[in-house]
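Only one structure is covered here, and it is reproduced in the block below.
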Amino acid sequence: MAEIRLEGIKHIYPGNVEAIKEATITFKDQTFNSLLGPSGCGKTTLMKIIAGLLKPTDGRVYFDGQDVTGKTPQERNVAMVFQFPVVYDMSVYDNLAFPLKVRGMPKQEIKRRVAEVAKLLELEGQLSLHPGRLDSGGKQRVAIGRALVRTPNAFILDEPFSNIDPESRLLLRSKLKEIQKDLKQTMVFVTHDQAEALTLADWIAVMKDGRIIQFDTPEQIYEEPADTFIAYFIGMPAMNLIDCSMVDGKLLLGELSYDISDMRNMLEPYGDEFYFGIRAEHIEVSREPKPEGQDWIPMMCEMVEGLGPLSLLHLKGKGLTMRVKTRETGISEGDTVWVKIRRDKVRIFKRTGERIV
Amino acid sequence: MATVRVENVSKTIQDRKVLEEVSFEVKDRSFTSILGPVGAGKTTLLRIIAGVETADGGSIFFDGREVTNVPARERNVAMVYQSFALYPHLDVYGNIASPLKIRKLNSRDIEKRVMEVAELLRIKDLLKRKPAELSGGERQRVAIARALIRDADIYLLDEPLTNLDYKIREGMRSELRRIFQEKGGTILFAASDPLDTFAMAQYVIIIHGGRVLQTGRVHEVYDHPRTTIVGKILARPPMNLLEAELKESNGKLFLESSEINLDVSHLRNILTKREYLLGIRPDSFFFPESLDRGTLYLDATVIVTEIEGSESIIHVDCGGRRLITYYPYVKRLDPGEHVRLAVRLGDIYIFDKSTEEFVTKYGRGGEYG
């Protein structure tokens, strides 16, 4: 296993298409990492550069401190799994054994390794079958098994579950998570699906427009998004982002005014216009009237969107609109409710998007 | 004005009974969802209501008037297909205008109507583009605009959000409600994701294997599922079902399984069979801070945590049984972690194991029994 370090990576495709503007990042040894972003953000290009399928226009790639920039995937000893499962026209056993046979490993040893991997992926009963007889999830398990069987330096997966039916996807996700914990592979998992990244990875690199805009744990990405794009992209619903301005050490949003003398010094260098961010679950809701003041605000419910166990209220009032999650039932459209924003969960962003607080 | 009544509609396609004796009513100007898994018969049902497919038996009524044999074009029904089905060679304007062109309206009236619906759907900037140049969400809006331009009494939407990515779905759920609230009309939409039903519908028709299992207001059906299948279909995630056996011991009555021993002495008059299913909603589980009376505790091992949007779905193994638990915030537990879960007894549903029908809720013996 290896630590993967990218330094000052840039990549320009023919026609002057700038796919990677700048990427510097370290994936620590034995960690599960995800490259997450919308299509066109550069995540596939970066994955290819890590794997050795593509030589970057600029910058260096290091595996355990060794420069591997010019090296092939074979020389780097990376294993790859792609969106469409690649299986060979031979039995499941032979598929799993193939990379070991090529390396001339003794038969007994091959048998032992294949049995181990087959057990991990619940393929023991299918070893004599032809993979063509398996469903898409089964085929992908074979492809993952073949990648795992030979202790690579890095394990790279490119949207491996996007063509798998939802039922087997769940099984595969939990298997992959277990395997990574067991074998301690350095994994780089490329996905556009935020749910998948949050579910699987220990570390997520969020990419946008050819740059890594945040590299953090899933909890941090969710709670402390680096900018308004992540605040919108991660989570359902998107974080409430409200225009606000700072006047005399007070934050004004709609008709509300918050005393923020504690943050004043942090905000002042960035002017007086900001976004006030708060997630829908970090706002308390009461159907009972509360004394109006800094903390409780009366708002009118414009729409109740059911979520099953919860409801999402679309609220309007005091010159603001926001969405709030609640377990309270019996709130109807047109009702007035009282809400209280959790001060410790408020995030302030610059107008250009970056988070300050 | 339009109510829809479907009476004993059946349909067999290639020896498969797609619909069997389907009956229900849709209220005028309501937002009603037909919810069921893929293959339940939803699309066929919508097509029969639209008149583009004929039933083998049964009748359809609009406002009490039978339309079973009325051709589609005379029914004043507009349908939006799951695939959106736009004309690739026409621009957005041409696509939206197409139903009026067929009706030979003059071009000034057509333009006025197209601009009106384009305004409502917020797609005025897209009118000159071809479908291939649109995103999934934009195509969806165009398909709806084309349906709306006809001033139909009844709008049928087949899985209107299924092909959209999750950020667009998030916005479209409230958007669709706004659009149809402004427009008026009776809306019937097919869904396989219960979230779409929860978010948009007032009423729900639960369909499974070609049969209607339950109908009613969404929250009523959610609170009182008549069968285990309804408890699984109208739920996020599906309700957990645990087998349990009725046992007598020291004058008390228990529902027993490998992990659970539930005193049900107060339900003695209702529980008369030997085997039951305990239904527990994933969101009824919580992490207990202290041990309380009236609460059931379960020790379990985490299999996997799934994070969906801002919610966590944690699959656990409890004595060899897989349970699904739900938390309305982001919380990741690692595979193999041991957890203690709690459920309030009042939140437990009891179903008859042989019929899978609802018997009672634990805490309110007999109230719905």
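Readers should treat all values here as calculations from the given coordinates under stated rules, not as data from a laboratory. Computed from a prediction, not measured in an experiment: that's the story for all the values here. Ideal geometry is used to build each Cβ from the backbone, glycine not excepted, and the neighbour counts take in all protein chains shown.
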Work out, in µm²/s and without decimals, the Stokes-Einstein translational diffusion coefficient of the protein assembly as shown at 20 °C, 1.002 mPa s, Rh from Kirkwood over C-alpha pairs.
74 µm²/s
Residue exposure sequence - A:TRP203, A:TRP296 - by fewest surrounding Cβ within 10 Å:
A:TRP296, A:TRP203
Label-point separation (nm) for B:TYR297 and A:GLU116, each offset 7 Å from Cα along Cα-to-Cβ?
4.0 nm
Can you give me the Cα centroid spacing of the range A:132-152 and the range B:255-272 in angstrom?
46 Å
Whole-Hz ³J(HN,Hα) from phi, Karplus 6.51 cos²θ - 1.76 cosθ + 1.60, for the range B:78-90, glycine and proline x:
10, 10, 10, 7, 4, 7, 6, 6, 8, 7, x, 7, 9
Paramagnetic reach from B:TYR87 (point 7 Å along Cα→Cβ, amide N under 17 Å) across the range B:141-160
B:142-150
If you line up the long axis of helix B:107-121 against the longest principal axis of chain B, both from Cα atoms, how many degrees apart are they, to the nearest 10?
20 degrees
Counting only residues 5 or more places away or on other chains, whose amide H sits under 5 Å from the amide H of A:ILE213 once H atoms are built in the peptide plane?
A:VAL206, A:MET207, A:LYS208
Using only Cα atoms and rounding to the nearest 10 degrees, what angle (0 to 90) does helix B:166-183 make with the longest principal axis of chain B?
60 degrees
What's the exposure ranking of B:HIS338, A:HIS192, A:HIS11, going from fewest to most Cβ atoms within 10 Å?
B:HIS338, A:HIS192, A:HIS11
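At a temperature of 25 °C and a viscosity of 0.890 mPa s, determine how fast the range A:233-350 diffuses translationally according to Stokes-Einstein, using the Kirkwood radius over alpha-carbon pairs as Rh; express D in µm²/s, rounded to the nearest whole number.
Working: Rh = 14.9 Å.
In µm²/s, the coefficient is 165.
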Per residue of the range B:230-244, in order, report the coupling 6.51 cos²θ - 1.76 cosθ + 1.60 (Karplus, θ = phi - 60°) as ³J(HN,Hα) in whole Hz, putting x for Gly and Pro.
4, x, 8, 7, 8, 6, 9, x, x, 5, 7, 10, 10, 6, 8
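Kirkwood Rh over Cα pairs of the range A:101-241 into Stokes-Einstein at 37 °C, 0.692 mPa s: D in µm²/s?
For these conditions, the coefficient is 193 µm²/s.
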Degrees separating the helix B:136-148 axis from the principal Cα axis of chain B, which is the longest one:
60 degrees
Scattering from the C-alpha atoms of the range B:42-94 alone, worked out with Debye: what is log10 I(q)/I(0) at q = 0.13, 0.14, 0.17 1/Å?
-0.40, -0.46, -0.61
Please give every one of the aspartates and glutamates within straight-line cross-link reach of A:LYS71, meaning a C-alpha to C-alpha distance under 18 Å, and leave out same-chain neighbours fewer than 8 residues apart.
A:GLU3, A:GLU7, A:ASP58
Along the Cα→Cβ direction, 7 angstrom out, place labels at B:ASP28 and B:ASP334. What is the inter-label distance in nm?
6.2 nm
Put a dot 7 Å past each Cα toward the Cβ at A:GLU328 and A:LYS71; how far apart are the dots in nm?
6.0 nm
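For A:ASP158, what charge total do you get from the other residues with a beta carbon under 12 Å from its beta carbon, if Lys and Arg give +1 and Asp and Glu give -1? Don't skip to the answer; put the middle values down first.
Values: positive: A:LYS43, A:LYS48; negative: A:GLU159.
Summing Lys and Arg as +1 and Asp and Glu as -1 gives +1.
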What is the distance in Å between the Cα centres of the range B:25-66 and the range B:84-144?
26 Å
Under 5 Å, built H, 5+ apart or other chain: amide partners of B:LYS331:
B:SER312
Net charge within 13 Å of B:THR301 by Cβ-Cβ distance, Lys/Arg positive one each and Asp/Glu negative one each, not counting B:THR301 itself?
-3
Please report the spacing between the Cα centers of the range A:2-73 and the range A:314-330 in Å, no decimals.
43 Å
Tell me, what is the percent relative contact order of the range B:240-361, built from C-alpha pairs under 8 Å that lie six or more residues apart?
26 percent
